[in-house]
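Everything below concerns the one structure shown next.
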Amino acid sequence: MKFLNICGLIAPIWLVIGVMLTATMYPGYSHMDQALSELHAMGSPVAAISPFINNYPLGALFIGFGVFVIGYCRCWTARLSGLMIILHGIGSWIAGAFPCDVGCNPDSTLESQQIHGIGAVLMTVSFLIAPAMWVFLARQRSSVSWFGFLSAATVVAQFIVFSPLATSLESGSDFGFYQRVAYAIPMAWLFIFAALLKSDKIAQSRFECVNMSKA
């Protein structure tokens with residue numbers, strides 16, 4: 001299952017390339033003002049292909065990496081982070097299968113929009129919990145204690161960005177920018193996490209985790 005570790009390294013890169021690619025096929029699309037979901041919103045010129053470039057393959061990458069984390073780690077807190085990554089992938093699939101309406105209005109009564117919103121919430125919450133699981137777990141292991149501080153910073157930074165993100169949603173200005181910042185934070189954490197799992201240091205921490213779980 002070690003090859004699934006690579007999924008965590010590929011996912012952030014795939015996201016950047018996929019969004020940039022589909023945006024080039026959407027005349028007038030604004031990365032500053034428009035949500036990522038507007039790439040496959042109802043009426044989008046790339047609505048038919050965007051989920052197959054972004055949501056579905058990304059969901060598979062998240063799920064693959066989450067499965068690896070659960071299989072690799074031994075203590076329940078670490079495995080819970082893997083489960084959250086899997087749920088993030090499922091949320092990506094849901095958001096892709098049920099497009100939002102034009103403009104991705106969260107107050108829309110359309111069933112597809114509401115289900116899309118559920119997928120988006122699942123993605124947001126799961127990427128808050130996943131790094132939170134490592135705040136204390138990593139700090140208890142001297143070899144990767146810095147990752148605990150990084151995980152804490154990841155959670156705090158997301159909450160900080162949520163405020164201007166909510167404001168931009170109401171004003172309709174710069175929402176795309178703040179959404180990308182909010183998503184880039186946990187995606188950077190995911191990439192570092194995946195890279196750390198491939199290192200010798202995390203292997204040592206894995207065995208320490210086994211001993212801790214038996215204590």
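The values are calculated or read from the model by the stated rules, or taken from the named source; none is laboratory data. For clarity, every value in this text was computed on a predicted model and none was experimentally measured. Positions of Cβ are generated from backbone atoms using ideal geometry, with glycine treated the same way; all protein chains shown enter the neighbour counts. SASA here: full protein model, heavy atoms, side chains in, ligands and nucleic acids out. Shrake-Rupley method; radii C 1.70, N 1.55, O 1.52, S 1.80 Å.
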Computed accessible area, residue 3, all protein chains, 1.4 angstrom probe, square angstrom: 140 Å²
Inter-label distance for residue 199 and residue 140, nm, one decimal - labels placed 7 Å from Cα along Cα-to-Cβ: 2.1 nm
Residue 125 paired with residue 163, simple spin-label distance in nm, labels 7 Å along Cα-to-beta-carbon: 2.4 nm
Helix runs (DSSP H) in the chain reaching 27 Å along axis by Cα, Kyte-Doolittle at least 0.5: 5-24, 76-97, 111-132, 145-171, 175-197
Shape metrics for segment 126-199, restricted to C-alpha atoms - Rg then Dmax, Å: 14.0, 45
Segment residue 74-residue 184, extension gain: residue separation times 0.36 nm, minus the distance between their alpha carbons: 36.8 nm
Solvent accessible area, Å² - residue 139, 1.4 Å probe, full protein context: 110 Å²
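Sort 1, 84, 42 by accessible area with a 1.4 Å probe, largest first.
The most accessible residue leads, giving 1, 42, 84.
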Over 33 Å [Cα-Cα, the chain], rounded percent: 18 percent
Top positive-direction residue, dipole computed over the chain with Cβ charges, set 108, 125, 21: 125
Residue 111 accessible area, 1.4 Å probe, all protein chains in place, Å² to nearest 10: 130 Å²
